[in-house]
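Heads up, the thing below is written out as structure tokens.
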Amino acid sequence: MKEKPMIAEDEVSVMGIAAPEAAAAEERRAEHKAEPKAVPKQPEVKVGLKEDLEDIRKRLKALAAKSLSLGLNTPMHSVIAEIMKRTGLVDERWIQYTSVEVENNLGKEFFLKVPKGERVLFLPHCLRDVKNCAAPIDEDGYHCRKCGRCAIAKITAEAERNGIKWYMCGGGSQVINIIQRVKPKAVIGVACYNEIQMALEKLRATNIPLQAVMLRKSGCVNTEVDLEEVFEILNA
Ligand code: SF4
């Protein structure tokens, strides 16, 4: 009678008799399960609008500055619009906001060289609480009484703390008149996008650096601005 082949103990599984290769594969799987491979540590990802915004701002500034340094003779708005289109951020408000950021970045070095006492801040009177504001007006614009009903009180207090002279005006032509009269070495402007562009155009010829903050909510009355952005420039 033919003898049955011997079956090693380790070839017997709960499922029955395993082929040697299958047993080896099973063993490898078991080892794999027992000692999971170390997962490479992922870099920390910051999530949140503020961080994302900061990241986008940095990348776009660098890209736009590079484009300009290459000698592209194109208006800033067009450069930014093209970049935004390529990154999928096509909203006009984003384009405007980023254009202002890039312009600020390009002029910042010159701005920072000017002592604070020779910088002047221009604020739009549309930031006032129009119904309740008691600020008197003269050729220098409105004189805030710091009643606290609008953001002007906090902004002007911060400007004064920094030794920065401020004006609250109606618009571009009044700003230019004051600049011609007062002759500041650097200007900080809070305004809507169009006013900022007009100011930039005028100031380019004078070599006066401008740092601008675009209104978050524009319009003719009760506009809004991000205080943090204004304070950042006032304290720079
Ligand atoms: S804080 Fe100044 S600008 Fe604002 S409403 Fe009062 S007085 Fe007018």
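Residue by residue, here is whether (1) farther than 17 Å from LYS108 by Cα; (2) surrounded by 21 or more Cβ atoms within 10 Å (Cβ to Cβ); (3) not hydrophobic (A, V, I, L, M, F, W, C) holds:
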residue: GLY170; (1), (2), (3): yes, no, yes
residue: VAL175; (1), (2), (3): yes, yes, no
residue: VAL190; (1), (2), (3): no, yes, no
residue: LYS202; (1), (2), (3): yes, no, yes
residue: PRO209; (1), (2), (3): no, yes, yes
residue: ALA212; (1), (2), (3): no, yes, no
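Which condition number in (1) more than 25 Å from GLU139 (Cβ to Cβ); (2) within 15 Å of the chain's Cα centre (by Cα) is the one that ALA236 fails?
Going through the list (1) more than 25 Å from GLU139 (Cβ to Cβ); (2) within 15 Å of the chain's Cα centre (by Cα), ALA236 breaks only (2).
Identify all residues within the range 125-165 that are within 18 Å of ILE233 (Cα to Cα) and more than 11 Å from the ligand (Cβ to nearest atom); write none if there are none.
GLU158, ALA159, GLU160, ARG161, ASN162, GLY163, ILE164, LYS165
Taking the condition of being in contact with a Ser or Thr (Cβ under 7 Å, 6 or more places away or on another chain), in a loop (DSSP other than H, G, I, E, B) and touching a residue at least 40 places away in the same chain (Cβ under 8 Å), how many residues in the range 126-153 meet it?
Total meeting the criteria: 0.
So, THR98, is that one over 19 Å from ASN222 (Cα atoms) and in contact (Cβ under 8 Å) with a residue 40 or more places away in the chain or not?
Values: over 19 Å from ASN222 (Cα atoms): yes; in contact (Cβ under 8 Å) with a residue 40 or more places away in the chain: yes.
When the stated conditions are applied, THR98 passes them.
Does VAL182 satisfy the criteria of being in the same structural domain as VAL213 (by TED's automatic domain parsing), away from the ligand (no atom under 16 Å from the Cβ), touching a strand residue (DSSP E or B) at 6+ places or on another chain (Cβ under 8 Å) and within 26 Å of ARG93 (Cβ to Cβ)? Break it down stepwise before answering.
Numbers: in the same structural domain as VAL213 (by TED's automatic domain parsing): yes; away from the ligand (no atom under 16 Å from the Cβ): yes; touching a strand residue (DSSP E or B) at 6+ places or on another chain (Cβ under 8 Å): yes; within 26 Å of ARG93 (Cβ to Cβ): no.
Spelling it out, it is not the case that VAL182 is in the same structural domain as VAL213 (by TED's automatic domain parsing), away from the ligand (no atom under 16 Å from the Cβ), touching a strand residue (DSSP E or B) at 6+ places or on another chain (Cβ under 8 Å) and within 26 Å of ARG93 (Cβ to Cβ).
Any residue in the range 154-174 that is without any contact (Cβ under 8 Å) to a residue 24 or more places away in the chain, of a type in the set (S, T, N, Q) and farther than 23 Å from ILE208 by Cβ? Full working, then the answer.
Applying the first criterion (without any contact (Cβ under 8 Å) to a residue 24 or more places away in the chain) to the range 154-174 yields 157, 160-161, 173.
Next, from what is left, pick out any that are of a type in the set (S, T, N, Q): 173.
Filter once more, keeping what is farther than 23 Å from ILE208 by Cβ: none.
The answer is no; no qualifying residue exists.
Could you tell me whether any residue of the range 67-76 is in a helix (DSSP H, G or I), at pLDDT 95 or above, out of contact with any His (no Cβ under 9 Å at 6 or more places or on another chain) and surrounded by fewer than 16 Cβ atoms within 10 Å (Cβ to Cβ)?
Looking only at the range 67-76, we keep the residues that are in a helix (DSSP H, G or I), and these are 67-69, 76.
From the residues that got through so far, the ones that are at pLDDT 95 or above too are none.
No, every residue in the range 67-76 fails to be in a helix (DSSP H, G or I), at pLDDT 95 or above, out of contact with any His (no Cβ under 9 Å at 6 or more places or on another chain) and surrounded by fewer than 16 Cβ atoms within 10 Å (Cβ to Cβ).
Being in contact with a Cys (Cβ under 9 Å, 6 or more places away or on another chain) and part of a helix (DSSP H, G or I) is the filter here, so list the residues in the range 97-125 that pass it. Working first, answer last.
Filtering the range 97-125 down to residues in contact with a Cys (Cβ under 9 Å, 6 or more places away or on another chain) leaves 122-125.
Within the range 97-125, HIS125 is the sole residue that qualifies.
Could you tell me how many of the residues in the range 200-223 are more than 23 Å from the chain's Cα centre (by Cα) and more than 18 Å from ILE188 (Cβ to Cβ)?
Counting residues in the range 200-223 that are more than 23 Å from the chain's Cα centre (by Cα) and more than 18 Å from ILE188 (Cβ to Cβ) gives 4.
The values are calculated or read from the model by the stated rules, or taken from the named source; none is laboratory data. Keep in mind it's a predicted model, so treat the numbers as computed, not measured. All Cβ positions, glycine included, derive from the backbone under ideal geometry; neighbour counts span all protein chains shown.
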